[in-house]
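**Q** Pasting a structure here, questions to come.
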Amino acid sequence: MIYITGDTHIPIDIHKLSSRSFREQESMTRADHVMICGDFGGIWNGGNEDKYWINWLKNKSFTTLFADGNHENFELLNALPVSEYCGGAVHKVADGVYHLMRGEVYNIGGKSLFVFGGAESHDRVFRTEGRNWWREEMPDAEEYRNAEQNLKAHNYKIDYVITHCAPTSVQRLISYEYESNSLTEFLEKIKDNTVYDKWFFGHYHRDMVVDERFTAVYNDIIRIV
């Protein structure tokens with residue numbers, strides 16, 4: 001099984017994955033996956049609270065996968081060891097907890113999933129670099145290049161796309177308040193040049209079926225496989 005949910009902002013919104021809220025986990029195993037569409041927040045300062053919640057997820061019956069969002073400590077996240085999981089590169093946080101890296105393609109449950117995290121913080125003016133904001137929230141040229149190469153290797157055909165923010169045109173359907181940037185424009189290009197069944201994203205703090213292909217997730221936990 002594969003389930004998709006939105007931002008967890010550990011510890012603020014992680015309780016959606018509690019046994020009381022997410023009862024499906026009673027019948028799940030490590031072969032089953034819950035994917036978080038960015039703003040994981042569990043790698044924040046390396047302190048006891050981080051350790052508590054990572055251990056909490058580690059002890060779940062399922063495997064936790066997350067794309068990065070904009071509210072992550074990228075200095076700590078990118079210092080984690082890189083390994084391979086389901087055909088793509090990951091940062092291993094703990095047994096059963098993995099960060100899905102930007103531009104990678106994974107084969108899970110017989111389905112291909114293209115993942116590209118990151119977003120531009122709407123609240124940047126209220127944050128301090130190196131304490132609660134990091135420039136790496138936006139992709140660099142190598143991450144864009146990696147995405148292009150991996151999509152090309154799959155003939156631009158993917159079952160599911162998992163991102164944190166949405167392509168520019170989809171973002172506008174949510175609200176005209178959201179401005180475009182280099183990442184939303186890159187995702188727009190992927191939207192127009194890639195064949196895919198469904199696209200799931202977080203970031204906007206709402207549960208919304210935008211159209212037959214695009215779904216914003218926040219509190220919902222949606223089974224896709």
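**Q** Report, by residue number, each residue of region 123-155 that is of a type in the set (A, V, I, L, M) and either in contact with a Phe, Trp or Tyr (Cβ under 9 Å, 6 or more places away or on another chain) or farther than 19 Å from Asn181 by Cα (or both).
**A** Passing the criteria: Ala147, Leu151, Ala153.
Every residue, every condition in (1) under 23 Å from Asn107 (Cα atoms); (2) of a type in the set (Gly, Ala, Ser), yes or no:
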site: Ser182; (1), (2): no, yes
site: Asp192; (1), (2): yes, no
site: Phe201; (1), (2): yes, no
site: Val209; (1), (2): no, no
site: Ala216; (1), (2): yes, yes
site: Asn219; (1), (2): no, no
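**Q** If I go through region 22-37 residue by residue, how many of them are surrounded by 12 or more Cβ atoms within 10 Å (Cβ to Cβ) and either in contact with a Pro (Cβ under 9 Å, 6 or more places away or on another chain) or not β-branched (Val, Ile, Thr) (or both)?
**A** Number of matching residues: 8.
**Q** Being touching a residue at least 60 places away in the same chain (Cβ under 8 Å) and among the aromatic types (Phe, Trp, Tyr) is the filter here, so list the residues in region 208-225 that pass it.
**A** Within region 208-225, Tyr218 is the sole residue that qualifies.
**Q** With the structure loaded, tell me whether Val161 is within 19 Å of the chain's Cα centre (by Cα) and either in contact (Cβ under 8 Å) with a residue 12 or more places away in the chain or within 17 Å of Thr215 (Cα to Cα) (or both) or whether it fails that test.
**A** So Val161 fits the description; yes.
**Q** Take the residues of region 54-77 that are over 24 Å from Glu129 (Cα atoms) and among the charged types (D, E, K, R): which is surrounded by the most Cβ atoms within 10 Å (Cβ to Cβ)?
**A** This residue is Lys60.
**Q** If you don't mind, another one. Out of region 93-112, which residues are surrounded by 21 or more Cβ atoms within 10 Å (Cβ to Cβ) and part of a loop (DSSP other than H, G, I, E, B)?
**A** Met101, Arg102, Gly103
**Q** Same structure, new question: Which members of region 20-32 meet the condition of being under 17 Å from Gly96 (Cα atoms) and either among the polar types (S, T, N, Q) or in a loop (DSSP other than H, G, I, E, B) (or both)?
**A** Result: Gln25, Ser27, Met28, Thr29, Arg30, Ala31, Asp32.
**Q** Another one. Within the set of pairs 6 or more residues apart or between chains, which connect a residue that is among the aromatic types (Phe, Trp, Tyr) inside region 174-188 to a residue that is modelled with pLDDT under 95 and surrounded by fewer than 17 Cβ atoms within 10 Å (Cβ to Cβ) with Cβ atoms less than 7 Å apart?
**A** Partner pairs satisfying both residue conditions: none exist.
The values are calculated or read from the model by the stated rules, or taken from the named source; none is laboratory data. This structure is a prediction, so every number in the text was calculated from the model and none was measured. Note that we place each Cβ from the backbone using ideal geometry, even for glycine, and neighbour counts take in every protein chain shown.
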